1. Using only Cα atoms, locate the centre of the stretch 193-235 and the centre of the stretch 97-119, then give the distance between them in Å, rounded to an integer.
2. Using amide H atoms built 1.01 Å from N in the peptide plane, name the residues 5+ places from VAL70, or on other chains, whose amide H lies under 5 Å from its own.
3. Quick check on the chain: helices-only [θ] at 222 nm, where DSSP H runs of length 4 and up contribute -39,500 (n - 2.57) each and the sum goes over total residues. Nearest 500, please.
4. Nearest 10 degrees is fine. How inclined is helix 186-196 to the longest principal axis of the chain, computing both from alpha carbons?
5. So what are the ³J(HN,Hα) numbers for the stretch 95-108, from phi and the Karplus equation (6.51, -1.76, 1.60; θ = phi - 60°), rounded to whole Hz, Gly and Pro as x?
6. Calculate one ³J(HN,Hα) per residue across the stretch 37-50 by plugging θ = phi - 60° into the Karplus curve 6.51 cos²θ - 1.76 cosθ + 1.60, and present them in order as whole Hz with x for glycine and proline.
7. Return a whole-number percent for the relative contact order of the chain, with Cα pairs under 8 Å and 6 or more residues apart as the contact set.
8. Return a single number: how many Lys pairs in the chain, at a sequence separation of 8 or more or on separate chains, have alpha-carbon atoms below 24 angstrom apart.
Amino acid sequence: MTKTALLAGEGLLPVAIAQSLAARGNAPTVIALGKASPLLESVAERILPVSQVSMDGIVRMIETEGCTQVILAGAVPKRWIFGGGPVDAKTLEWIRALPSRDDHALLGSIVGFLQSRGLEVVPYRLLIPEALAPEGTIAGRDPTEEEREEIRYGIGIARKIVPLSFGQALAVRAGAVVAVEAMEGTDEMIKRAGRIAAGGTVVKMMRPDQDERFDVPTVGPQTLQCMADAGLGCLAVEAGRTVILDRERFGQLAKDNAISVTGFVP
């Protein structure tokens, strides 16, 4: 059987992927970057923490474990690319030499590096099909007519800005853009939107040419908790291309906070 290494950042996405692989009899070797979830311990073949991020060192770890497939999942602090984290000098120099360091370009370059070393980087979206957002109402209440208008408006704006690769989400209110996601991530954008305008809708979608081996849009309970705290009442995500984590808790939070969650096809 092909052995799989999971380069795991923070959050629940690596856990969902590891659970799926374990259920198929192929528990992954987890290479933990940052604060990987302790929930991985029960579903991983082995967990190897990384104290200093080195591209060459990570490849050596993968090869030593006998893995030939790699999956990238989870969040890594963006400040690392500026030297604000445990990245070795050679890797940092490699990152800084890239013509662009947005998520799409950086992660695409990492995939290219891994492939150049003979490793197969595989997409994870189809490993967890049950977690993909369906079209229509997903959780909570149906959107109001005003929210439907905000969703349509937000999708139109997202189509223009998502290909620019500085974020996958934006918050809109009454025909105006309140906040756009950048390096801080969706949750922090939601908090910022709540400080600017009460109410509103969050729209999240994938860039049309996104490489689905990495950075697939993901939402979960933390997303809805941030929305509830910020006073935003509607979340619209791209159907079939957005992962919803911890679906049961996600649905309960939507219901408890009267948040509308809907899936759309752009």
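1. Computed from Cα coordinates, the inter-centre distance equals 26 Å.
2. ALA5, GLU120, VAL121, VAL122
3. Value at 222 nm, helices only: -10500 deg cm²/dmol.
4. 30
5. 4, 5, 7, 5, x, 9, 10, 6, 4, 4, 5, 5, 5, x
6. Running phi through 6.51 cos²θ - 1.76 cosθ + 1.60 with θ = phi - 60° gives 5, x, 5, 5, 4, 7, 10, 9, 5, 6, 10, 10, x, 9 Hz.
7. Relative contact order for the chain comes out at 18 percent.
8. Close lysine pairs found across the chain: 13.
Just so you know, all these numbers are worked out from the coordinates, no wet-lab data involved. All values reported here derive from a predicted model rather than from experimental measurement. Because the Cβ atoms are built from the backbone with ideal geometry, glycine has one as well, and the counts that use them run over all protein chains shown.
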